[in-house]
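> The structure follows.
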Amino acid sequence: MPVTWRTSGRLAVLLAAVALVCVQAPLLVTGHDVAWGLAIGLALAHGAAAPIALGRPLSGAALALLAAAAQMLVTMQDASGQWPWAVAPLLTQLLVLVVLAMVDDRPVAVGCLGASVLLGVVLALVGLPWRHGPDSLANVVLFASLGVVAVALGVGGSRLTAIADALRQERVISAEEQARRLVVEEKARVARELHDVIAHNMSLITVQARSAAHRMPGLPTAAAAEFEEIAVRAAEALSQMRGVLTVLRTEPGQSGRRPVPGLDQVPELLASVREAGEEIRDDWSLPARTVVDEEVGASAYRIVQEALSNARRHAVGHPAEVKARLEGGGLALTVTNTLDGPLGTAAPGHGLVGMRERAAAVGGRVRTGELEPGSFVVSAWLPLHRPPGGEA
């Protein structure tokens, strides 16, 4: 995978190449009596190989080999100094090898290293009349050793840069995923409030409309038909709302954590259900000043509300029993109702899932099921204070 060279990396290579050009040209002139024009040309050609290799590895490698060979030939007959790889050309060639390895074109880097070593060996043999052969070959061995290190450093740098790029990309993806999850959680919170508030009140409307004929004897036929139509429309609205909730609840296990009602509003909830014509027996055995966390109270309210809504849907005309007490250092809630028929095997809807989610969110638990044939119970236990660290 090619490494993406940023501006800082390109600038560093360019500055290193300029520095080496500024060193090579004077050394060719003062150390080997090369003409200034030729010295500057050879130094520029060799130094330009590294920046060129950033974008065109093969062209950069070829230019570096040609420039190095030209310098070796120009300085061959001068017996002074290191040869065939003088210090400045050696450093320049090592820079080229590092760049070639870092652009993730290792075959070109290895090929350039092999060609550079072969070039040194050939010219060391050709230069035997003017240069001491063992010294020249030792110089080539030194270059080969340093060249292997340079290629290894380039490959290591390439891997580290690729890892850094991957980590940056992963951070971007993580940030996008976090933003997406926030959207999902907000949609789930809206879905939870829609279900808890609207479904409860729509159920009350349905019950009131369908029980109007029984609660008001002598109701005209037309009015009874009107109430029945209201009940039908309310039931249809409930069904459509549940379809919307299916879209909003795109991920299971998500719920809003801070609804408004609390434990103190449960008696008002029971009163509103009674006003709708439902029979509720309650045993609210809690001390007058029971203090619970806001989220615990909200969860208790919603659990009782949803349990009563389920009772109206599945046990029309039958009383429901609500009990509350302090137990095991927490709040124990029980809602029991009689079933019109068998419970069946249908998958749990948003209501039961939501109750479990709300209890788990504050470190509690909910159990539901048939207490005995024909009787359904919702049993919840919530801590008075939400445990630190989130869900239990």
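The values are calculated or read from the model by the stated rules, or taken from the named source; none is laboratory data. Note that the structure is predicted; figures quoted are calculated from it, not measured. No Cβ is skipped: glycine too gets one built from the backbone with ideal geometry, and neighbour counts run over all protein chains shown. Side chains included, ligands, DNA and RNA excluded: accessible areas come from the protein's heavy atoms. Shrake-Rupley method; radii C 1.70, N 1.55, O 1.52, S 1.80 Å.
> What number of residues within segment 29-65 satisfy the criterion of being closer than 19 Å to A16 by Cα and acidic (D, E)?
Adding up the residues that qualify gives 0.
> Continuing with this model, one more query. With a cut-off of at least 3 residues that are modelled with pLDDT under 75 and under 41 Å from the mean Cα position of the chain (by Cα), name the strands (runs of 3 or more DSSP E) lying wholly within segment 307-392.
Numbers: elements: 320-327, 330-338, 365-372, 375-383.
Result: empty, no element qualifies.
> Which ones in segment 153-189 are small (G, A, S), closer than 22 Å to A50 by Cβ and surrounded by 14 or more Cβ atoms within 10 Å (Cβ to Cβ)?
Within segment 153-189, G154, G157, S158, A162 meet the criteria.
> Suppose the filter is open to solvent by 10 Å² or more (accessible area, probe 1.4 Å), in contact with a helix residue (DSSP H, G or I) (Cβ under 6 Å, 6 or more places away or on another chain) and modelled with pLDDT under 95; does G81 pass it?
On the way: open to solvent by 10 Å² or more (accessible area, probe 1.4 Å): yes; in contact with a helix residue (DSSP H, G or I) (Cβ under 6 Å, 6 or more places away or on another chain): yes; modelled with pLDDT under 95: yes.
For G81, the condition - open to solvent by 10 Å² or more (accessible area, probe 1.4 Å), in contact with a helix residue (DSSP H, G or I) (Cβ under 6 Å, 6 or more places away or on another chain) and modelled with pLDDT under 95 - is met.
> Return the residue satisfying two criteria in turn: it lies in segment 289-306 and is open to solvent by 10 Å² or more (accessible area, probe 1.4 Å) and hydrophobic (A, V, I, L, M, F, W, C), and of such residues it is farthest from the chain's Cα centre (by Cα).
This residue is V291.
> For segment 123-145, state whether one or more residues are aromatic (F, W, Y), open to solvent by less than 70 Å² (accessible area, probe 1.4 Å) and in contact (Cβ under 8 Å) with a residue 24 or more places away in the chain.
Narrowing segment 123-145 to residues aromatic (F, W, Y): 130, 143.
Those still in the list that are open to solvent by less than 70 Å² (accessible area, probe 1.4 Å) too: 143.
Right, trim to in contact (Cβ under 8 Å) with a residue 24 or more places away in the chain and you get 143.
Yes, the conditions are met somewhere in segment 123-145.
> Within segment 236-256, can one find any residue that is modelled with pLDDT of 75 or more and open to solvent by 60 Å² or more (accessible area, probe 1.4 Å)?
Taking segment 236-256 first, the residues modelled with pLDDT of 75 or more are 236-237.
Adding the requirement that they be open to solvent by 60 Å² or more (accessible area, probe 1.4 Å) leaves 236.
Within segment 236-256, one or more residues are modelled with pLDDT of 75 or more and open to solvent by 60 Å² or more (accessible area, probe 1.4 Å).
> Against the condition exposed (fewer than 14 other Cβ atoms within 10 Å of the Cβ) and of a type in the set (V, I, T), how does V110 come out, does it pass?
On the way: exposed (fewer than 14 other Cβ atoms within 10 Å of the Cβ): no; of a type in the set (V, I, T): yes.
Criteria not met by V110.
> What about V96, is it of a type outside the set (D, E), in a helix (DSSP H, G or I) and open to solvent by 20 Å² or more (accessible area, probe 1.4 Å)?
No, not satisfied.
> Please state which one of V273, V304, V291 is β-branched (V, I, T) and farther than 28 Å from A209 by Cα. First the steps, then the outcome.
On the way: V273 fails: farther than 28 Å from A209 by Cα; V304 fails: farther than 28 Å from A209 by Cα.
Result of the check over V273, V304, V291: V291.
> Follow-up question, since we're still on this one. Quick one: which of V190, V207 is in contact (Cβ under 8 Å) with a residue 40 or more places away in the chain, under 30 Å from S299 (Cβ atoms), out of contact with any Leu (no Cβ under 9 Å at 6 or more places or on another chain) and not acidic (D, E)? Steps first, please.
Values: V190 fails: out of contact with any Leu (no Cβ under 9 Å at 6 or more places or on another chain).
Within the list V190, V207, the selection yields V207.
> Additional query: All but one of (1) open to solvent by 80 Å² or more (accessible area, probe 1.4 Å); (2) among the small types (G, A, S); (3) in contact (Cβ under 8 Å) with a residue 24 or more places away in the chain hold for A67; state the number of the condition that does not hold.
Unmet for A67, out of (1) open to solvent by 80 Å² or more (accessible area, probe 1.4 Å); (2) among the small types (G, A, S); (3) in contact (Cβ under 8 Å) with a residue 24 or more places away in the chain: (1).
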